[in-house]
Amino acid sequence: MEKTTKRSSTSSSIILIRNTLPQNYGGGETYQLTLAQVLSDHHYHSIIMSSSSQLLEDAKKKKISAKKAPFLKNQNWSGLRNLLLPLYALWQRYLYFWYLHQFKRLNPKTVIIESRDDWIAATLAAKKLNIQTLWLDHMDFRSWVLQNVEQKYKNAIGKKILHLTKYADRVIFISDFERNYFENLIKKTPIKNLTNLVTIKNGAIDSFSNYQNQVIEKDSFIYLGRLEEYKGIKELISAFSEVAPDFPTATLHIYGTGSLANYCEERQTSQIIYHGFTDKPLEKIAAAETFVLVSHIEGLSLSLIDAAMLGKPIIATNIDGNPEVVQHQKNGILVPIKDVDSIVKALRKMLMNKELRIQYGQASRKKYLQDFNFPRTIKEQLIPIIEGK
């Protein structure tokens with residue numbers, strides 16, 4: 001395949017592709033909504049293509065154009081299942097023609113892709129029509145898409161995706177950590193180096209003024225995100241359960257859905273409250289004193305950025321993209337992963353020192369304004385790429 005130059009187009013449409021399991025809804029999905037909102041301020045018309053039911057529903061609520069995209073749910077091509085890869089090739093061929101039809105019909109200026117199968121099919125369709133193609137990675141490359149690609153007989157699909165990275169006009173990473181991972185990985189492959197990589201950090205729209213008069217619950221902590229093992233939910237509940245008897249006014253509020261929803265519900269007490277899904281995440285974060293995220297693996301968490309934007313002190317694990325938002329003992333406390341004792345100490349420290357919480361909260365707000373104001377980031381970094389400047 002020959003690399004093509006970007007076509008000239010007067011279209012103001014931008015297609016945002018984020019395909020995942022229909023029940024999935026997290027930072028990668030909400031990012032699309034925020035990006036679409038910011039792009040609309042620059043007179044671009046965004047069209048989200050996804051199979052995430054909640055993303056499509058929320059796009060409709062926010063009056064953002066959206067279309068359900070094809071998604072193959074059951075995919076496991078490891079081991080002997082490699083023999084079935086010809087079936088995957090047929091799926092990719094169908095997906096390619098589906099995107100080719102959509103792109104011809106909608107005539108977008110740019111396509112921004114963030115999902116495995118679409119990095120292949122949608123990229124090939126976009127390049128066929130000379131449409132500017134941008135790839136976006138939160139942590140999909142690291143967490144599963146490119147695992148073991150440096151090994152000779154493993155992850156054939158990942159190798160194909162890695163080969164196609166050179167056809168993207170830009171490969172955008174939302175954190176320094178993810179980009180560093182990718183650059184170190186490709187050094188172990190025949191590709192060695194790419195010149196189309198760029199970091200455009202995740203961020204949030206500044207809604208601080210909307211919640212300045214929010215009543216804050218005294219001694220309250222909040223976790224808001226997916227309820228999965230890798231999010232450290234079990235360690236958080238265990239640590240808070242140890243602290244709670246000594247601080248009768250302390251509460252832990254848990255928001256989200258996932259495989260550990262029943263686990264959270266079964267461990268509810270007068271001080272541990274499981275709320276399920278909320279469509280008002282900023283309001284819930286604003287009402288709590290301290291935000292907690294003790295995950296085992298993380299990209300650049302939008303919830304952490306939202307907490308910083310709202311001026312909250314933070315407890316987070318010292319992994320991956322978290323230290324890009326949380327500076328230890330400046331705007332929060334960083335703890336090792338899976339370390340209940342360290343989480344207990346951090347919870348106690350926050351509960352026992354109101355002045356420290358205020359100091360950390362003010363520093364969080366300053367950190368957001370300095371590094372994570374999303375509209376400014378998009379204006380200064382993404383718009384020039386879209387416009388070819």
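Filter region 157-201 for residues that are crowded, with 17+ Cβ neighbours inside 10 Å, over 17 Å from Asp117 (Cβ atoms), without any contact (Cβ under 8 Å) to a residue 40 or more places away in the chain and of a type in the set (D, E, K, R) and give the result.
Once the filter is applied, which keeps residues that are crowded, with 17+ Cβ neighbours inside 10 Å, over 17 Å from Asp117 (Cβ atoms), without any contact (Cβ under 8 Å) to a residue 40 or more places away in the chain and of a type in the set (D, E, K, R), region 157-201 yields only Arg179.
In region 169-207, which residues are within 21 Å of Ile131 (Cα to Cα) and over 20 Å from the mean Cα position of the chain (by Cα)?
Asp169, Leu194, Thr195, Asn196
Residue under question is Asn318, and the condition is that it be surrounded by fewer than 21 Cβ atoms within 10 Å (Cβ to Cβ), under 23 Å from Ile337 (Cβ atoms) and free of Cβ contacts under 8 Å to residues at least 24 places away in the same chain; does it hold?
Spelling it out, Asn318 is indeed surrounded by fewer than 21 Cβ atoms within 10 Å (Cβ to Cβ), under 23 Å from Ile337 (Cβ atoms) and free of Cβ contacts under 8 Å to residues at least 24 places away in the same chain.
Give me the strands (runs of 3 or more DSSP E) completely within region 279-389, filtered to those with at least 3 residues that are more than 27 Å from Ile237 (Cβ to Cβ), ordered by residue number.
Of the strands (runs of 3 or more DSSP E) lying wholly inside region 279-389, none has at least 3 residues that are more than 27 Å from Ile237 (Cβ to Cβ).
Looking only at region 360-383, filter to residues that are touching a residue at least 40 places away in the same chain (Cβ under 8 Å) and farther than 30 Å from Asp169 by Cα; which one of those is surrounded by the most Cβ atoms within 10 Å (Cβ to Cβ)?
Ser364
Which ones in region 254-280 are more than 19 Å from the chain's Cα centre (by Cα) and of a type in the set (Phe, Trp, Tyr)?
Across region 254-280, the qualifying residues are Tyr263, Tyr274.
Can you name every residue in region 1-28 that is among the charged types (D, E, K, R) and modelled with pLDDT of 90 or more?
Within region 1-28, just Arg18 meets the criteria.
Are any residues in region 27-66 of a type in the set (S, T, N, Q) and either buried (at least 21 other Cβ atoms within 10 Å of the Cβ) or within 30 Å of Ser295 (Cα to Cα) (or both), and if so, which ones?
Across region 27-66, the qualifying residues are Thr30, Gln32, Thr34, Gln37, Ser46, Ser50, Ser51, Ser52, Ser53, Gln54.
I need the full set of residues from region 131-156 which are surrounded by fewer than 22 Cβ atoms within 10 Å (Cβ to Cβ) and more than 20 Å from the chain's Cα centre (by Cα), in order please.
Hits for region 131-156 are Asn148, Glu150, Gln151, Lys152, Tyr153, Lys154, Asn155, Ala156.
Of all residues in region 202-240, how many are without any contact (Cβ under 8 Å) to a residue 40 or more places away in the chain and among the β-branched types (Val, Ile, Thr)?
Total satisfying the criteria: 2.
Filter region 294-312 for residues that are of a type in the set (D, E, K, R) and at pLDDT 95 or above; which is farthest from Arg142 (Cα to Cα)?
Per the criteria, the residue is Lys312.
The values are calculated or read from the model by the stated rules, or taken from the named source; none is laboratory data. If you're wondering where the values come from, they're calculated on a predicted model, not measured in any experiment. Cβ: placed from backbone, ideal geometry, glycine included. Neighbour counts: every protein chain shown.
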